[in-house]
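Participant: For reference, the structure I am asking about is given below.
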Ligand code: F6P
């Protein structure tokens, strides 16, 4: 078989580990050939390819980013998009496609399979960990470790100056990174998109932390919102081709409000793309490698329209459609646990 591979959406550590594992097993065990498409769906629409054999994947296991490049291209936005995809797959003699991505990339793969009969297998990735069909996505563990290390460092400088430090982490619809890094890093307040926050309550926690002679660390997910009124975020005018607003700004807004209301100096640290860059953690390399091995096994079995997923310690196959049907958000009970440490 000739197998096409692409990585779409925001990059995350572990993408190269998936590519390497699928190519190694595909070539060695099944005799498959591979071709890479550059920059997600854009490469498939435009016919932009990268040679992908064992020599091309040597040494990429610990490397962050993606050797294939990525973009947030939605081929269904282009009236000619699907037609060009079909043409390019035929021209490149591709029998099956492995799409590595989050809800948008996998949503496209699901539609291409269901509506156009294109033989796709999906691999879930996102640092946000918000895909419901899998217990974890790779990239998340690395992001949590990076954010936790930053919070650890911020405690000492916050205390030297007795100021509030607001740490804005990624998490558009789900507060998994904020919750895990906030708990691991001993934050005094954690704010997530799933639960609107009360500014008076946040200021109460900040004040009580100062009363105990410590400086507060407030971890806020970029998608978190206050109870009264939606925030006008600075990047809100920008949207990607899947219609997502480009976030960032809540941390700065929050620090200003806290400073005004409590009279304590407050500063903001936006971790941003630092959370997505660099080498993957050991857990993410392990998960991504197993996803790659199981994705190419699904292709070999002719089990298309499926996504590989982690359930406990097993890798299973689920319908691509289910994978993107529902976002996995932080359940109220889990957030409640963290509240023990607020203030
Ligand atoms: O979906 C993953 C993610 O990292 C989100 O947490 C964040 O909102 C978004 O991507 C940022 O996207 P980009 O870097 O493409 O602007």
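The values are calculated or read from the model by the stated rules, or taken from the named source; none is laboratory data. The shown structure was predicted, so the numbers you read here are calculated from the model rather than taken from an experiment. Ideal geometry is used to build each Cβ from the backbone, glycine not excepted, and the neighbour counts take in all protein chains shown.
Participant: Which of the residues belonging to the stretch 300-331 are crowded, with 24+ Cβ neighbours inside 10 Å, assigned to a helix (DSSP H, G or I) and either away from the ligand (no atom under 16 Å from the Cβ) or at positive phi (or both)?
Facilitator: Within the stretch 300-331, just 320 meets the criteria.
Participant: Does the stretch 149-162 contain any residue that is within 14 Å of the ligand (Cβ to nearest atom), surrounded by fewer than 24 Cβ atoms within 10 Å (Cβ to Cβ), closer than 30 Å to residue 259 by Cα and at pLDDT 95 or above? Outline the logic, then answer.
Facilitator: Going residue by residue through the stretch 149-162, those that are within 14 Å of the ligand (Cβ to nearest atom) are none.
So far as the stretch 149-162 goes, no, none of its residues is within 14 Å of the ligand (Cβ to nearest atom), surrounded by fewer than 24 Cβ atoms within 10 Å (Cβ to Cβ), closer than 30 Å to residue 259 by Cα and at pLDDT 95 or above.
Participant: Right, another one. All but one of (1) more than 11 Å from the ligand (Cβ to nearest atom); (2) at pLDDT 95 or above; (3) over 19 Å from residue 191 (Cα atoms) hold for residue 277; which doesn't?
Facilitator: All conditions are met except number (1).
Participant: Just for strands (runs of 3 or more DSSP E) wholly inside the stretch 94-182: which have at least 2 residues that are in contact with a helix residue (DSSP H, G or I) (Cβ under 6 Å, 6 or more places away or on another chain) and more than 30 Å from residue 265 (Cβ to Cβ)? Spell out how you get there, then give the answer.
Facilitator: Details: elements: 96-101, 120-124, 164-169.
Filter on the stretch 94-182 gives 96-101, 120-124.
Participant: Taking interchain pairs and intrachain pairs at least six residues apart, which have beta carbon atoms under 6 angstrom, with the first residue in the stretch 49-69 and without any contact (Cβ under 8 Å) to a residue 60 or more places away in the chain and the second part of a helix (DSSP H, G or I) and surrounded by fewer than 19 Cβ atoms within 10 Å (Cβ to Cβ)?
Facilitator: 54/27
Participant: Can residue 285 be described as surrounded by fewer than 19 Cβ atoms within 10 Å (Cβ to Cβ) and either out of contact with any helix residue (DSSP H, G or I) (no Cβ under 6 Å at 6 or more places or on another chain) or part of a helix (DSSP H, G or I) (or both)?
Facilitator: Numbers: surrounded by fewer than 19 Cβ atoms within 10 Å (Cβ to Cβ): no; either out of contact with any helix residue (DSSP H, G or I) (no Cβ under 6 Å at 6 or more places or on another chain) or part of a helix (DSSP H, G or I) (or both): yes.
Against the criterion (surrounded by fewer than 19 Cβ atoms within 10 Å (Cβ to Cβ) and either out of contact with any helix residue (DSSP H, G or I) (no Cβ under 6 Å at 6 or more places or on another chain) or part of a helix (DSSP H, G or I) (or both)), residue 285 does not qualify.
Participant: Exactly one condition in (1) in contact with a helix residue (DSSP H, G or I) (Cβ under 6 Å, 6 or more places away or on another chain); (2) within 24 Å of residue 300 (Cα to Cα) is false for residue 49; which is it?
Facilitator: (1)
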